[in-house]
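The values are calculated or read from the model by the stated rules, or taken from the named source; none is laboratory data. This is a predicted model, so every value here is computed, not measured. Here the Cβ positions follow ideal geometry from the backbone for every residue, glycine too, while neighbour counts run over all protein chains shown. These accessible areas exclude ligands, DNA and RNA; they are computed on the full protein's heavy atoms, side chains included. Shrake-Rupley method; radii C 1.70, N 1.55, O 1.52, S 1.80 Å.
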Amino acid sequence: MTDKTTAQTIQETYFIDNFPQPTKDLFYKDPKKFKVLYKTKLSKIVRQDLLKLIQFVTPVYEIVHYSDWYDSWKEEIYWYKFKTDKQESVKKLFGIYCSSESVNNEAKNKDIFNLLRMIYFYINYGNKAKWEMSGIATRNREGHEQRPEIYIGDFVKYDYNLKTKKSSLKMKKKKSELSKQIDAECDKIADKLIDKEITRIVNINEQIRAAKATLAKYGTELVKGY
């Protein structure tokens, strides 16, 4: 009997592989035309991919507070907690969208990290149990002069109710606002990935022009002995 999970993993497609072959070919052969015809659809696929990625990783913003006899300071650390059974999917998606991410789970691409963090709070908007990331331990030890914390203040704030005299967590932005921001960022990513292909083709054409100019000047005969 075929394992369902394995079959689903094999069938998962990301980014340009979600298009039929002729459209994929167009992306690599004529990215300018692709941009006109399919950029909107590609933006939606980028969003779809990142919504999938956030199921596999949790973007953790950790702050370590330090102090000594004379001063106090802090260090900001950005890292991902991976689902151990999704390493291959994570590697593939990071390879597409932020190839600089390192194997020790540290977030090198801050733009992608911030976007994934936004997506995390967007999909968990109605699940307050997820807001504080209480199931995630800090990566730094706590000591007399070192106090690490999992920070959530970039998206969540404490709201004090004067009537009940109780504090509760509250999202800083509406879910619709987060959705619009996510769409805008996915649009930028789609542009960036298409423009990368345009630049690649421009560079190839420049090399061909340079090669033709060299052949026109010197011909195709090699100088003997070299």
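Annotations
- Every test in (1) open to solvent by 70 Å² or more (accessible area, probe 1.4 Å); (2) modelled with pLDDT under 95 is passed by Gln21 save one, and that test is (2).
- Filter result for the condition that a residue is more than 30 Å from His144 (Cβ to Cβ) and of a type in the set (Asp, Glu), over Asp68, Asp111: Asp111
- Checked across the stretch 204-222, the condition of being charged (D, E, K, R), closer than 29 Å to Phe34 by Cα and surrounded by 11 or more Cβ atoms within 10 Å (Cβ to Cβ) holds for no residue.
- Residue within the stretch 173-192 that is modelled with pLDDT under 95, open to solvent by less than 70 Å² (accessible area, probe 1.4 Å) and among the charged types (D, E, K, R) present: no
- Conditions (1) surrounded by 18 or more Cβ atoms within 10 Å (Cβ to Cβ); (2) hydrophobic (A, V, I, L, M, F, W, C); (3) closer than 24 Å to Ile189 by Cβ: number failed by Val64: (3)
- Ile198 falls short on exactly one of the conditions (1) hydrophobic (A, V, I, L, M, F, W, C); (2) without any contact (Cβ under 8 Å) to a residue 40 or more places away in the chain; (3) surrounded by 11 or more Cβ atoms within 10 Å (Cβ to Cβ), and that condition is (2).
- Qualifying residue in the stretch 83-97 (condition: open to solvent by 80 Å² or more (accessible area, probe 1.4 Å), in a strand (DSSP E or B) and in contact with a strand residue (DSSP E or B) (Cβ under 8 Å, 6 or more places away or on another chain)): no
- Test: residue in the stretch 133-153 that is at negative phi, open to solvent by 50 Å² or more (accessible area, probe 1.4 Å), assigned to a helix (DSSP H, G or I) and not hydrophobic (A, V, I, L, M, F, W, C): no
- Filter pass, Thr58 being part of a strand (DSSP E or B) and either at pLDDT 95 or above or surrounded by 15 or more Cβ atoms within 10 Å (Cβ to Cβ) (or both): yes
- Among the residues of the stretch 49-81, those identified as without any contact (Cβ under 8 Å) to a residue 12 or more places away in the chain, over 20 Å from Lys108 (Cα atoms) and not small (Gly, Ala, Ser) are Trp69, Tyr70, Asp71, Trp73.
- Residue check, Lys52 at negative phi, of a type outside the set (A, V, I, L, M) and at pLDDT 95 or above: yes
- Residues (over 13 Å from Val57 (Cβ atoms) and touching a residue at least 12 places away in the same chain (Cβ under 8 Å)) located in the stretch 135-151: Thr138, Arg139, Asn140, Glu145, Gln146, Arg147, Pro148, Glu149, Ile150, Tyr151
- Unmet requirement for Asp187, which otherwise passes all of (1) outside any loop (DSSP other than H, G, I, E, B); (2) in contact with an Asp or Glu (Cβ under 8 Å, 6 or more places away or on another chain): (2)
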